[in-house]
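Note sheet for the following structure.
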Amino acid sequence: QSILLTGLGLQSFEQTIKNCQRVYSMFSQYTLNAKLVPSPEFLGKKRIHSEGGADKYSTITVSNRFFTPVKQFAGFTIVNVNTEIDPWETLSKVDKMKWLHTEDNTIDYYILSVGEGGSNCLPTTPIVFQVGDLVEVQASLMCIPIKGSFTVKLILQSIVLLNGELTTVCQYDI
């Protein structure tokens, strides 16, 4: 379960990248013997092609695993895999003696609703999200031990569709 975000050069997105790098460096001060992998694996660059050529933009990958290993299960509430994510119940057939789907593995999906009374977020399904949508994510940075060192993961908790009009317009212009 992951999403790749880019701000296409937008200054506020670049500031978010810098903030992630700062927090990442703060984690390095607290890891055992400073064994934090050298760079955050959730930050990257992606080449976007357009009529005028191609540009490289900063990206953030936010993800969450579908399952928690039983040996790491510590008091989380076990929940069923959402049928919107697993319509054929393939994920539901996982060996429950080894893997559990918990609240910690669940991602909440919302759509922003704006009306006369203000704005609020309404629950929705993952299928409404498309490449090119304007979204807001809620995530947590977590330091995780891995193969004798540590890495920092950006864990996806929820995603809000702010505006899907650009995607809709592009689909109808084709």
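Where a number appears in this text, it was derived from the coordinates with a stated rule and is not lab data. Because the structure is a prediction, the values reported are computed rather than measured. Quick reminder, even Gly has a Cβ in these numbers, built from the backbone with ideal geometry, and neighbours come from all protein chains shown.
Quick check on my filter: what residues within the stretch 91-103 are of a type outside the set (Gly, Ala, Ser) and either in contact (Cβ under 8 Å) with a residue 40 or more places away in the chain or more than 22 Å from Phe129 (Cα to Cα) (or both)? Within the stretch 91-103, Lys93, Val94, Asp95, Lys96, Met97, Lys98, Trp99, Leu100, His101, Thr102 meet the criteria.
Summed over the stretch 129-154, the residues that are out of contact with any helix residue (DSSP H, G or I) (no Cβ under 8 Å at 6 or more places or on another chain), surrounded by 13 or more Cβ atoms within 10 Å (Cβ to Cβ) and not in a strand (DSSP E or B) give a count of 1.
Return yes when Thr124 is over 21 Å from Ile60 (Cα atoms), surrounded by 13 or more Cβ atoms within 10 Å (Cβ to Cβ) and in contact with a strand residue (DSSP E or B) (Cβ under 9 Å, 6 or more places away or on another chain) and no when it is not. Working first, answer last.
Values: over 21 Å from Ile60 (Cα atoms): yes; surrounded by 13 or more Cβ atoms within 10 Å (Cβ to Cβ): yes; in contact with a strand residue (DSSP E or B) (Cβ under 9 Å, 6 or more places away or on another chain): yes.
For Thr124, the condition - over 21 Å from Ile60 (Cα atoms), surrounded by 13 or more Cβ atoms within 10 Å (Cβ to Cβ) and in contact with a strand residue (DSSP E or B) (Cβ under 9 Å, 6 or more places away or on another chain) - is met.
Output the number of residues of the stretch 26-53 satisfying the condition of being among the β-branched types (Val, Ile, Thr) and either surrounded by fewer than 16 Cβ atoms within 10 Å (Cβ to Cβ) or in a helix (DSSP H, G or I) (or both). Of the residues in the stretch 26-53, 2 are among the β-branched types (Val, Ile, Thr) and either surrounded by fewer than 16 Cβ atoms within 10 Å (Cβ to Cβ) or in a helix (DSSP H, G or I) (or both). The set of residues from the stretch 24-74 being among the charged types (D, E, K, R) and more than 17 Å from Ser140 (Cβ to Cβ) comprises Lys35, Lys45, Lys46, Arg47, Glu51, Asp55, Lys56, Lys71. Is it the case that some residue within the stretch 101-117 is aliphatic (A, V, I, L, M), in contact with a helix residue (DSSP H, G or I) (Cβ under 9 Å, 6 or more places away or on another chain), closer than 15 Å to Val62 by Cβ and surrounded by 16 or more Cβ atoms within 10 Å (Cβ to Cβ)? Yes, the stretch 101-117 contains a residue that is aliphatic (A, V, I, L, M), in contact with a helix residue (DSSP H, G or I) (Cβ under 9 Å, 6 or more places away or on another chain), closer than 15 Å to Val62 by Cβ and surrounded by 16 or more Cβ atoms within 10 Å (Cβ to Cβ). Each residue in the stretch 73-104 was checked for being in contact with a Pro (Cβ under 7 Å, 6 or more places away or on another chain) and closer than 23 Å to Pro123 by Cα, and 2 pass. If the condition is being under 16 Å from Gln1 (Cα atoms) and either surrounded by fewer than 16 Cβ atoms within 10 Å (Cβ to Cβ) or without any contact (Cβ under 8 Å) to a residue 24 or more places away in the chain (or both), then the stretch 54-64 contributes only Ser63.
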